[in-house]
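Remarks on the structure that follows.
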Amino acid sequence: MTSDRDNRSLCVPPSTQDHIQGVLNAAVVFVMYGDYECFQSANVYRLIKVGQQQLKLEFGENNLGFIFRHFHQVQIHPHAQRAASAAEAAAAQGQFWQMHEMLFIHQQELGNGYLVEYANRLGLDISQFLQDLSRGVHVNRINADIEGGLLSGVEAAPALFINGIRYPNRWTVEQIMAAIVATND
């Protein structure tokens, strides 16, 4: 049996303010609250990527959306907040998803030097990237994601919502597909 918190709906609906792959008004929209230093967040993200490939075949490219929102847990992941800021600094230069992918691939290497290395690999303006990080330019955006997660009953990352309905964390691709079919019935 699940608790009420496990059954909560997404309180902050998807919007153009979100980082989204696909389309906002898709038939299937994943919203993931994640932490770049969290092993389970990386696993859920990888699972969603596999699911996306299968769903594109079933629903088509324009009927699928994936939104990532920050929900770092600094008490257990000391580099997660800085990594979230790095992702947002990359977003300011049009490369959120590229940095997002790099952070999950290299989640054991999230110190400041590594973040600059990743920004350099992506061809970002390093001076602007460092200024954004040092000035905390994107902290309000990150905190808004966290607040939205808390309103939706998120207590820890990862948390996954499909079409606004919260689902448990430990899934297989088959279970995700079944949940999507259930939300579209």
- Across region 123-136, what is the total count of residues that are crowded, with 17+ Cβ neighbours inside 10 Å and charged (D, E, K, R)? 1
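Scan region 137-160 and give yes if some residue there is more than 21 Å from PHE30 (Cβ to Cβ), in contact (Cβ under 8 Å) with a residue 12 or more places away in the chain and either open to solvent by 40 Å² or more (accessible area, probe 1.4 Å) or touching a Gly at 6+ places or on another chain (Cβ under 6 Å) (or both), otherwise no.
Checked against the condition, which is being more than 21 Å from PHE30 (Cβ to Cβ), in contact (Cβ under 8 Å) with a residue 12 or more places away in the chain and either open to solvent by 40 Å² or more (accessible area, probe 1.4 Å) or touching a Gly at 6+ places or on another chain (Cβ under 6 Å) (or both), region 137-160 yields at least one hit.
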- Output the residues belonging to region 99-114 that are within 16 Å of TYR45 (Cα to Cα), in contact with a helix residue (DSSP H, G or I) (Cβ under 7 Å, 6 or more places away or on another chain) and hydrophobic (A, V, I, L, M, F, W, C). MET99, MET102, LEU103, PHE104
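I need the strands (runs of 3 or more DSSP E) fully contained in region 5-122, keeping only those with at least 3 residues that are open to solvent by 10 Å² or more (accessible area, probe 1.4 Å) and in contact (Cβ under 8 Å) with a residue 60 or more places away in the chain. Lay out the reasoning, then the answer.
Working: elements: 19-22, 28-34, 64-70.
Hits in region 5-122: none.
The values are calculated or read from the model by the stated rules, or taken from the named source; none is laboratory data. Just so it is clear, the structure is predicted and the values come from calculations on it, not from any experiment. No Cβ is skipped: glycine too gets one built from the backbone with ideal geometry, and neighbour counts run over all protein chains shown. What goes into the accessible areas is simple: the full protein's heavy atoms, side chains included, and nothing from ligands, DNA or RNA. Shrake-Rupley method; radii C 1.70, N 1.55, O 1.52, S 1.80 Å.
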